[in-house]
1. For the chain, what's the relative contact order in percent, using C-alpha pairs closer than 8 Å and at least 6 residues apart?
2. Relative to the longest principal axis of the C-alpha atoms of the chain, give the angle of the C-alpha long axis of helix 326-343, reported between 0 and 90° and rounded to the nearest 10°.
3. Could you check the spin-label model distance between Asp528 and Ser573? Points 7 Å from the Cα along Cα→Cβ, value in nm.
4. Helix 403-417 against the longest principal axis of the chain: what's the angle in degrees, Cα atoms only, rounded to the nearest 10?
5. Between Ser232 and Met566, what is 0.36 nm times their sequence separation minus the Cα-Cα distance? Round to one decimal in nm.
6. What is the sum of charges, Lys and Arg at +1 and Asp and Glu at -1, for the other residues whose Cβ falls under 9 Å from the Cβ of Leu24?
7. Can you tell me how much longer the chain between Ala420 and Gln437 gets when fully stretched, taken as 0.36 nm per residue apart minus their C-alpha distance, in nm with one decimal?
8. Just want the answer: with Cβ charges of +1 for Lys and Arg and -1 for Asp and Glu, which residue in Ser479, Pro453, Trp49 is farthest toward the dipole's positive end in the chain?
Amino acid sequence: MRFLLGLSIAFLWAQQDAATRTLLLKYDAKFWWLNLQVTNTSTQLGPSWVLARLQVTAPSLDTLAFELHSALTVDSVVVDGQRRSFLRRGHTVRIPLTPQPVQGAMVEAVVYYRGTPPSSQTGATGIFNRQSPSWGNQVTWTLTQPFYAHTWWPCKQILSDKADSVWTFVTIPWGTRAGAVGLLEGVDTLPTQQLRFRWKSRYPIAYYLVAFAVASYVDYSFYAAVPGVPSSVLVQNYIYDNPQTLPYFQAQIDTTAGLLREFSLRYGPYPFWREKYGHMMAPFSGGMEHQTMTTQGFFSFTLTAHELAHQWFGDWVTCGSWQDIWLNEGFASYSEYVALQALGTPSEARDWLIQTHDAIVGGNRGSVWVPDTLSDDRIFDSRLTYNKGAYLLHMIRFRLAQDSLFFAVLRAYLAAEGGANARLGDFQAILEQMTGQSWGTFFQQWYYGEGHPVYSVRWNESGGNLWIELSQQGSWPSSVSFFETPIEVRLIRQGGGDTTLRLFQTQPLQSFYITNVGTVTQVQIDPDYWLIRQIQRISRDLTLQLPGEDAFLLRVGPVPVREGQMVQVGLPSPGRIQVIDAAGMVIWEEEVRSSSWEWPVSVSPGVYFLRWFSEQGGHITRPLLVVQ
């Protein structure tokens, strides 16, 4: 979900009480069939019913419970073909069962209901009716994230329980259309001057992704070629029938085809390709990623990209807790940047990155992890959940320094968790498995921790040798006082030939000495915005002390060296030599029985260290600069 222009919906209800949740956990919902009567002029629900097929997971099921707002009237309940008595308690419908179905048994229940849901004036609703201020169309639509499905249909609002499939039949006035999840399998003309739209989806789905919208629409549909699937994917769009609306948005809607292609190349094939992808318009400022058919108020490149990316991150793999909404919103937000890199211009992509970065550092604290899942504003905090969440992926991409590996990690995550739910630990496990690295410190500092690093930098260059001193502290030091992170340093040389180094800072005040860099006129810190950071000062300090002659006992040439070249090392005597990367990991080790050693450089550009150990136990370390 992406709300723009500073608008949001303030939801007021809390999550289920403990007693209701206990009842809901006694069964696994397999199938929902919604049969609704609605109009485009109000939120009132005519006689409607919802059928649920479920499997008992408790030793026995004494009470079957559904969540349904108390403003709606329940006319009757039928369980396994028999009419049953029921109780209304708060926003639940409770049906005592005798005899009690045992664990593993399948149960079918139908709830017949009607009425007017709570008003959107209070903010506590998941169904809305408004007139578009731009186009004049009257629309009834649903938007139930995070826990407002119960305001218009009897349901089970637990993220971990995805139904295997959902049918949404919507009976509406003649002259209107109803969009919903899945494939439109038919439209019935009824003798009551009404139409019944029959939508069916056979993919796993979370409760909050079930949706519909009713208005006077035109159907603008086309097919898109999607890599990795055997047939083209239907892109079905319900656009206001105002004659000016489609021409105004058509070019932007058409970009959906290119976005489907680019995301499928990077994330894996569009997961719901057997059904469709599409949009249904509604008068609100943003979009909501309803499965296979997003609800959008308008069309722009980044909004359409964001909501489409949710089909992978949020719909196919759904966060297992609202604490980990980053797995939905951070990934979809970063996909805006991925889309701009693929289909936009370099300047558009860089502008997005800088604007996102600057929005994050506009505040000094706050974690991506959501501590308060009863606050809609906190769950969907634009600075933390969306922007900082997106930048976490950007920083993971930076650390990996290999796009093919970064996107392979995302594909592996989607393959492992597809059709189900995930928590941070699930993603971290895939990341660690794919990279062979530990990411615990990264997530402890950047995901659970608050703030970002603030840098002050001093440097000096003399005789072509460079000394850089990095001083760093957290913007909210009571949470994270120091962020252990790689950082890029760009050296601007006299006469051109600039070089970008990657340093790894492991302590708050750390110095780096690099030889044979040429005449440096300027030093830039993280010029490509790979990190969330603030830079207070970069200054040249002629008083910085350069190393003495003992630093040159280990002779290395040529310096700098390019990938693929041969480094020649003169040693004080035979011994053992190591090559260490900026993170402190030994990437090469060899016993040397002469006073010289050659090593074919096969690493990416950056600063490495050569360390020689004498046979008597002494050692000398020299930096090795690898350039592009």
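1. Over the chain, the number comes to 9 percent.
2. Helix 326-343 and the main axis of the chain meet at about 70 degrees.
3. 4.4
4. Approximately 30 degrees, to the nearest 10.
5. My answer for the length gained is 115.2 nm.
6. Neighbourhood net charge equals +1.
7. Extending this stretch completely gives an extra 3.6 nm.
8. Of the listed residues, the answer is Trp49.
Readers should treat all values here as calculations from the given coordinates under stated rules, not as data from a laboratory. Note that the structure is a prediction, hence the values are computed from the model and not measured. Please note: Cβ atoms are built from the backbone with ideal geometry, for glycine as well, and neighbour counts cover all protein chains shown.
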